[in-house]
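Encoded as structure tokens, the structure appears first; notes follow it.
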Amino acid sequence: MRYRKIPDETVRRLPVYLRCLLFASEQGQENISSRNLAELVGVNSWQIRKDFSYFGDFGTRGVGYNVKKLAAQIKKILKIAVVQKAALVGVGNIGSALLAYSGFGKYGLDIAVAFDISPKKIGRKVEKVVIEDVASLLKIKKRKIKLGIIAVPEQAAQETADKLVKAGIKGILNFSPRYIAVPKKVKVITIDIAMYLASLPYYMTAI
């Protein structure tokens, strides 16, 4: 599928819609209205209809959306209908937690390989993944892996990103608390937990 330019906000909401649809499917629900989906997601029903309108007409008037078919459509749009493998760099606290997390499979994602610099970790098996020496990171190009996850200390983030780009990575999820510069053809999403937590008090009602 090729689409016209889609707002980033719409793309960010698609996985949220998918999560709710997967939950509805697990509950045995066959169809869902935009209103009910909106209640689960926490947005307005018109927003859902507008988001879906960028990609086609998925609903049926008076019936709503077929849960399984819509979930399949969203997976296709997000390009996760086929399993997407990812390479993790950094198997510390965050990296280990990511390897142990079982929820990626629902979204067609698989951390297939992990790297670290510590001799004590190299060769160890965490879940199903054997930790490899970060010196061999460029070898992932032969494995046709296009997604990378950075979970290294701040000072090593840019160097790690450079190596991932050189290895053919096209998308990076960055858990390091710093900005990393990459070519325009590479998409980076940074998750700084401390930064998000620091913004919460602003929204809290004073007691």
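Overview of values
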quantity: Test: I94 is in contact with a Phe, Trp or Tyr (Cβ under 6 Å, 6 or more places away or on another chain) and under 19 Å from I172 (Cβ atoms); calculated: yes
quantity: Filtered residue count, segment 128-137, keeping only those that are closer than 12 Å to V89 by Cα and not in a strand (DSSP E or B); calculated: 4
quantity: Options V82, V89: the member that is more than 14 Å from R13 (Cβ to Cβ) and modelled with pLDDT of 95 or more; calculated: V89
quantity: Segment 95-128, residues that are modelled with pLDDT of 95 or more and β-branched (V, I, T); calculated: I111, V113, I117, I122
quantity: Odd one out for V89, checked against (1) under 23 Å from T160 (Cα atoms); (2) more than 19 Å from the chain's Cα centre (by Cα); calculated: (2)
quantity: Where K128 falls short, out of the listed (1) touching a residue at least 12 places away in the same chain (Cβ under 8 Å); (2) loosely packed, with under 14 Cβ neighbours inside 10 Å; calculated: (1)
quantity: Filter result for the condition that a residue is of a type in the set (A, V, I, L, M, F, W, C), under 16 Å from Q84 (Cβ atoms), in contact (Cβ under 8 Å) with a residue 60 or more places away in the chain and part of a loop (DSSP other than H, G, I, E, B), over I149, I145; calculated: I145
quantity: Of all residues making up segment 159-184, the number that are more than 15 Å from K141 (Cβ to Cβ) and surrounded by fewer than 16 Cβ atoms within 10 Å (Cβ to Cβ); calculated: 7
quantity: Segment 178-202 residues that are without any contact (Cβ under 8 Å) to a residue 60 or more places away in the chain and within 12 Å of A161 (Cα to Cα), paired with ones that are part of a helix (DSSP H, G or I) and β-branched (V, I, T) (beta carbon under 7 Å, 6 or more apart); calculated: V182/V165; P183/V165; V186/V165
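The values are calculated or read from the model by the stated rules, or taken from the named source; none is laboratory data. Keep in mind the model is a prediction, meaning the values are calculated, not measured. When we count neighbours, we look across all protein chains shown, and the Cβ atoms used for this are built from the backbone with ideal geometry, even at glycine.
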